[in-house]
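K.L.:
Have a look at this one before I ask anything.
The values are calculated or read from the model by the stated rules, or taken from the named source; none is laboratory data. Predicted, not measured: the structure shown is a model, and the values here were computed from it. Ideal geometry is used to build each Cβ from the backbone, glycine not excepted, and the neighbour counts take in all protein chains shown.
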Amino acid sequence: METNNLPEIQKKQNAFASYALESHNLLESLKQRAVHVIVKLSNFPTKIEDIVESEKTLKECKAEINSIKSDRLAQTSKLDKFFENFMAPEKQSLAALPGYEKAIIKLKNEKSLADQLQANKDAELKKIKETFLVHINNTKASHEQVIIDYVTNRYAYALKHAKSASEIQVCEDLLTVDNYVSKCQYTKKLSDFVITKPNFTAKYATDEQINQIWSECEKESIYVDGKLMMGKFEGDLKDKFKYFSVAYKDAERAIAHSEKTANEAKNQATIQAEQMNVGAKLSVNASVLENGPGTKALKEKFEIDMASSKQNAMLIMSAFAANLDKCENEVRVKDWMKLTVEQMGNSLAALKNKDNQFEVTGINFKVTQKL
């Protein structure tokens, strides 16, 4: 302890020592005075003739009790400044809290908006990928059905216009089966089966991000470049005519069987596309994006937001009465005769906090945010 502080401390020690002795003596005096009052008040009047004297005694005792109180307050009030000094650091610290809490609340609101924006962006990126994958699946199924329809139609045409088991009449030309198949193959080219990027109107994603997602989808799919489907077209066409000479012997039956098989294949292609679309949606939405450190959400509390007026007081009382069966569980009062309008309003706010949909005509609520 520094030497220059000793004189001030010594003064305080002397002052407290003097106060302690003074307080002790006063307390003893107050005790004795209280005993005298108690003794007087213990001797109850028993006769009518004692009324005048007893009223005088009562008056004197009341005056003495008030005097005891005044003397006590005069002594204890000397410490008011002392305790105020002790409370000052606490009050100063408490006064600094609201500003700091307000700053945190502001940052949390900013983070909440940023998180929501990021969530919207992430959801849109997932939606873009899902849209692209579904587009690829549906287009692939469409190409399959085009191939099925084309091969089936060309096969039926060939059987209906066949002049023999090896020759087919096409307009003015009489073609061999192999030449007919080759001519059919030339009607389709690779570009017919290429799957191109669909348009997507984005709110948050950039063109670069959209193109990046499409590139990922291209890598994941073996059908986008059209090569596989082009190969399927050529292969299916050749396979269809492999046993043409046998089908020629019963053309009508062969055509019916071909159409039945085609319908089954088309249905299967549709079912497969639907299953792949479900899988695409599940896989896209199952992906988890990394987030930053978690923060506790702000607490929101509803309060009555109404000016103090006779009209508003009547509205609150009416609303309380109309919802008494619910409000009475929110009121903490021992004596209902002392129930205040403020307590009624607080009970309505409590109901609002339990159920945000709770509304009462004429009652306005506001939301306050807390940490």
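K.L.:
How many residues are in contact (Cβ under 8 Å) with a residue 12 or more places away in the chain, over 21 Å from Gln75 (Cα atoms) and of a type in the set (A, V, I, L, M) when one looks only at region 17-56?
P.N.:
Number satisfying all stated conditions: 1.
K.L.:
Same structure again: Of all residues in region 290-311, which are modelled with pLDDT under 90 and of a type in the set (D, E, K, R)?
P.N.:
Glu290, Lys296, Lys299, Glu300, Lys301
K.L.:
Then there's this: Which of the residues that make up region 227-250 are among the hydrophobic types (A, V, I, L, M, F, W, C), surrounded by fewer than 16 Cβ atoms within 10 Å (Cβ to Cβ) and either under 27 Å from Lys163 (Cβ atoms) or not assigned by TED's automatic domain parsing to the domain that holds Ile147 (or both)? Show your work before the answer.
P.N.:
Residues of region 227-250 among the hydrophobic types (A, V, I, L, M, F, W, C): 228-230, 233, 237, 241, 244, 246-247.
Then drop every residue that is not surrounded by fewer than 16 Cβ atoms within 10 Å (Cβ to Cβ), which leaves 228, 246.
Hit for region 227-250 is Val246, nothing else.
K.L.:
Please identify the pairs in which a residue from region 314-331 that is not in a helix (DSSP H, G or I) has its Cβ atom under 9 Å from the Cβ atom of a residue that is not polar (S, T, N, Q), counting only partners at least 6 apart or on another chain.
P.N.:
The qualifying pairs are Asn323/Leu348; Asn323/Leu351; Asn323/Phe358; Asn323/Val360; Val331/Phe320; Val331/Leu339; Val331/Met344; Val331/Ala350.
K.L.:
Can I ask one more? Considering only region 320-371, state which residues are acidic (Asp, Glu) and more than 30 Å from the chain's Cα centre (by Cα).
P.N.:
Taking region 320-371 first, the residues acidic (Asp, Glu) are 325, 328, 330, 335, 342, 355, 359.
Of everything in region 320-371, those that are acidic (Asp, Glu) and more than 30 Å from the chain's Cα centre (by Cα) turn out to be Asp325, Glu328, Asp335, Glu342.
K.L.:
To continue, here is another question. So which residues in region 243-264 are in contact (Cβ under 8 Å) with a residue 12 or more places away in the chain and of a type in the set (Phe, Trp, Tyr)?
P.N.:
Hits for region 243-264 are Phe244, Tyr248.
K.L.:
Every residue in region 332-357 that is assigned to a helix (DSSP H, G or I) and not hydrophobic (A, V, I, L, M, F, W, C), please.
P.N.:
Correct list: Lys338, Glu342, Gln343, Gly345, Asn346, Ser347, Lys352, Asn353, Lys354.
K.L.:
Let me confirm something: among Val224, Val194, which residue is surrounded by 11 or more Cβ atoms within 10 Å (Cβ to Cβ) and touching a Gly at 6+ places or on another chain (Cβ under 8 Å)? Reasoning before the result, please.
P.N.:
Details: Val224 fails: touching a Gly at 6+ places or on another chain (Cβ under 8 Å).
Residue meeting the stated conditions: Val194.
K.L.:
Is one or more of the residues making up region 1-14 charged (D, E, K, R), assigned to a helix (DSSP H, G or I), modelled with pLDDT under 90 and surrounded by fewer than 10 Cβ atoms within 10 Å (Cβ to Cβ)? Outline the logic, then answer.
P.N.:
Of region 1-14, the ones charged (D, E, K, R) are 2, 8, 11-12.
Narrowing further to those that are assigned to a helix (DSSP H, G or I): 8, 11-12.
Now restrict to residues that are modelled with pLDDT under 90: 8, 11-12.
If we keep only those that are surrounded by fewer than 10 Cβ atoms within 10 Å (Cβ to Cβ) too, we end up with 8.
Among the residues of region 1-14, at least one is charged (D, E, K, R), assigned to a helix (DSSP H, G or I), modelled with pLDDT under 90 and surrounded by fewer than 10 Cβ atoms within 10 Å (Cβ to Cβ), which makes the answer yes.
K.L.:
Restrict the check to region 358-366 and report whether at least one residue is at pLDDT 90 or above, in a helix (DSSP H, G or I) and more than 28 Å from Gln116 (Cα to Cα).
P.N.:
No, there is no match, as no residue in region 358-366 is at pLDDT 90 or above, in a helix (DSSP H, G or I) and more than 28 Å from Gln116 (Cα to Cα).
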